[in-house]
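Report on the following structure.
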Amino acid sequence: MPTIHSHISDLRAALQTYRVAQRIALVPTMGNLHDGHLELVKIAKQHADIVVVSIFVNPTQFGIGEDFDSYPRTLDEDVAKLATVGADYVFAPTIDEMYPLLPPPTTILAGAITKQLCGKTRPTHFDGVGIVVSKLFNIVQPDVAIFGQKDYQQLAIIKQLVRDLSYPIEIIGAPIIRAADGLALSSRNQYLSASERRIAPILQQELQYLAKQIGAVQQPLDVLLSASRERITSAGFIIDYLEVKTTELTAVNDESIHNHQGLVILVAAWLGRARLLDNLLVTIGKVR
Ligand code: AMP
């Protein structure tokens, strides 16, 4: 079983014994773990000797009216699952332990990259992610940290944070783990009713379809995207965004698209009470 700590000083003391000779990995999560999270732990174990999983429903990354209060908290089940994949430590702090002052007067503003995609409808979300991830990096001082590509924009922001603040931490992006029908696993999938759950994989199917169309380049991007938006909307979703970007999250258009080898199609859409997030990397045939 992993050892659980809820105080920063206890966790630091425990990790200090490994620091010289061994590599430490951090897997930050908000708990309510599923196979996607466990996969991050398995990857972490390939890159480090000691794996620390943080479980913290971070209040600063939730906006007003979002699901902070109702977000599922299942620490006992999470720890049992983590034992099956060999996590060594669980860091499950209280809000007071993490934030002596809430909101914290110090902010991490990651700039333009946070203003697009999810940042348009969740304007304070990535500031909250920035501060909690910075704190976790300073608390655990890992050699490597693993994040899911499921939250593609978050991963890009963290890579930027590590570069700009010179964190001596290797960041590894882990592939999206999906249910058999293609739906990306997410703690928020449990907000879906049975009928919504049957509809949900349409989002991934649409990304696959779009990827093929973009690869073939038979129609302008705008036309492809609005047809896609229409199909997603008529299936019952309310779209937050559906966009095609470079893998660095810069803009592409019909002229520039072939200058990029890799693109990413990103979608966020509401289905009932659940805001579903997905993305798909696309490789364009030729680079000009
Ligand atoms: P969360 O607990 O939702 O904040 O997620 C914690 C970490 O798990 C983040 O790095 C997520 O990107 C990652 N993650 C969540 N769902 C998946 C998934 N289906 N596949 C891979 N990684 C995931």
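What follows is calculated from the coordinates using simple rules that are stated; it is not laboratory data. All of these numbers come straight from a predicted model, not from anything done at the bench. Virtual Cβ from ideal backbone geometry, glycine too; neighbours counted across all protein chains shown.
Using the Cα centre of the stretch 140-288 as the reference point, and only Cβ charges (+1 on K/R, -1 on D/E), how large is the resulting charge dipole? Debye, rounded to the nearest 20. Intermediate values should be presented prior to the final figure.
Details: 15 positive and 15 negative charges, 68 e Å.
About 320 debye.
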Could you give the distance between the Cα centres of the stretch 30-80 and the stretch 127-143, to the whole Å? 14
Pick out which of 256, 70, 193 has the largest mean-square fluctuation in a Gaussian network model of the chain, springs linking Cα atoms closer than 10 Å. 70
In the stretch 3-174, with Lys and Arg counted as +1 and Asp and Glu as -1 at Cβ, which of these residues, 130, 142, 116, has the Cα nearest the positive end of the dipole, that is, farthest along it? 116
Could you give me the ³J(HN,Hα) list for the stretch 187-196, computed from phi with Karplus coefficients 6.51, -1.76, 1.60 and θ = phi - 60°, whole Hz, x at Gly and Pro? 4, 7, 4, 6, 6, 7, 6, 4, 6, 5
In terms of modelled amide H atoms, which long-range or inter-chain residues lie less than 5 Å from the amide H of residue 240? 268, 269, 270
Remind me, what semi-axes does the stretch 3-174 give for its equivalent ellipsoid, largest first in whole Å, using sqrt of 5 times each Cα gyration tensor eigenvalue? 24, 18, 16
Between the residues 225, 237, 101, the Cα farthest towards the positive end of the dipole of the chain, that dipole coming from +1 and -1 charges on the beta-carbon of Lys, Arg, Asp and Glu, is from 225
For the stretch 135-288, what are the per-bin percents of Cα-Cα distances with bins 10 Å wide, up to the bin holding the maximum? 10, 36, 32, 18, 4, 0
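Counting only C-alpha contacts under 8 Å and six or more residues apart, can you give the relative contact order of the chain as a whole percent?
Working: 486 pairs, mean separation 49.4, N = 288.
RCO, the chain: 17 percent.
So how do 45-55, 104-114 stack up, highest first, on mean other-Cβ count within 10 Å? Walk me through the numbers before you get to the answer.
Details: 45-55: 21.7, 104-114: 13.9.
Output ranking for 45-55, 104-114: 45-55, 104-114.
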Pull up all non-local amide H partners of residue 90: gap of 5 or more, or a different chain, and H-to-H distance under 5 Å with H placed in the peptide plane. 3, 4, 5, 53
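Rounded to the nearest 20 debye, what is the charge dipole size of the chain about its Cα centre when +1 sits on each Lys and Arg Cβ and -1 on each Asp and Glu Cβ?
Values: 26 positive and 29 negative charges, 95 e Å.
Computed about the Cα centre, the dipole is about 460 debye.
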From the helices alone, meaning DSSP H stretches of at least four residues, give me the mean residue ellipticity at 222 nm for the chain, per-run term -39500 (n - 2.57), in deg cm²/dmol to the nearest 500. -11000 deg cm²/dmol
Which whole-angstrom value gives the distance between the alpha carbon centres of the stretch 235-263 and the stretch 164-214? 16
With labels modelled as points extended 7 Å from the Cα through the Cβ direction, what inter-label distance (nm, one decimal) is found for residue 83 paired with residue 163? 4.2
Relative contact order of the stretch 148-288 (C-alpha contacts under 8 Å, at least 6 apart) in percent is 24
